[in-house]
Amino acid sequence: MNIRNEIKAIIVREGMTMTEVVEKMADQYGWSASVPNLSGKLQRNSLRYHEAVELADALGYDIVWQRRRERR
């Protein structure tokens, strides 16, 4: 699954619409309240890391870095 589809699946799983997400992002972080703006970033794979962290936060998620187990 690509990142765009994964994020859209999380939005749906959380019972939100893209409109609700961008409105929440605009309120919390000053993002543009434009669905095409977020959709375009996802489509072009141009979402910056700090934007991904803010998006995850708005959806109630944390981005966690976890070290992989070493293969032997």
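The values are calculated or read from the model by the stated rules, or taken from the named source; none is laboratory data. Note that this is a predicted model, so its numbers are computed, not measured. Note that each Cβ is placed from the backbone with ideal geometry, even for glycine, and that neighbours are counted across all protein chains shown. Only protein heavy atoms, including side chains, enter the accessible area calculation; ligands, DNA and RNA are left aside. Shrake-Rupley method; radii C 1.70, N 1.55, O 1.52, S 1.80 Å.
In the stretch 1-18, of all residues being among the polar types (S, T, N, Q) and more than 12 Å from the chain's Cα centre (by Cα), the one that is surrounded by the most Cβ atoms within 10 Å (Cβ to Cβ) corresponds to THR17. Inclusion of LEU42 among residues that are in contact (Cβ under 8 Å) with a residue 40 or more places away in the chain and in contact with a Lys or Arg (Cβ under 7 Å, 6 or more places away or on another chain) is not warranted. The single condition among (1) modelled with pLDDT under 95; (2) open to solvent by less than 60 Å² (accessible area, probe 1.4 Å) that ALA26 does not meet is (1). Screening ALA52, ALA33, ALA56 for residues that are among the small types (Gly, Ala, Ser) and either more than 12 Å from the chain's Cα centre (by Cα) or assigned to a loop (DSSP other than H, G, I, E, B) (or both) leaves exactly one candidate, ALA33. Considering the stretch 36-49, the residues that are of a type in the set (D, E, K, R) and under 12 Å from the mean Cα position of the chain (by Cα) include one that is surrounded by the most Cβ atoms within 10 Å (Cβ to Cβ), namely LYS41. Pairing each residue of the stretch 46-72 that is in contact (Cβ under 8 Å) with a residue 24 or more places away in the chain with any residue that is in a loop (DSSP other than H, G, I, E, B) and surrounded by 10 or more Cβ atoms within 10 Å (Cβ to Cβ), provided the two are 6+ apart or on different chains, yields C-beta distances under 7 Å for LEU59/GLU14; GLY60/GLU14.
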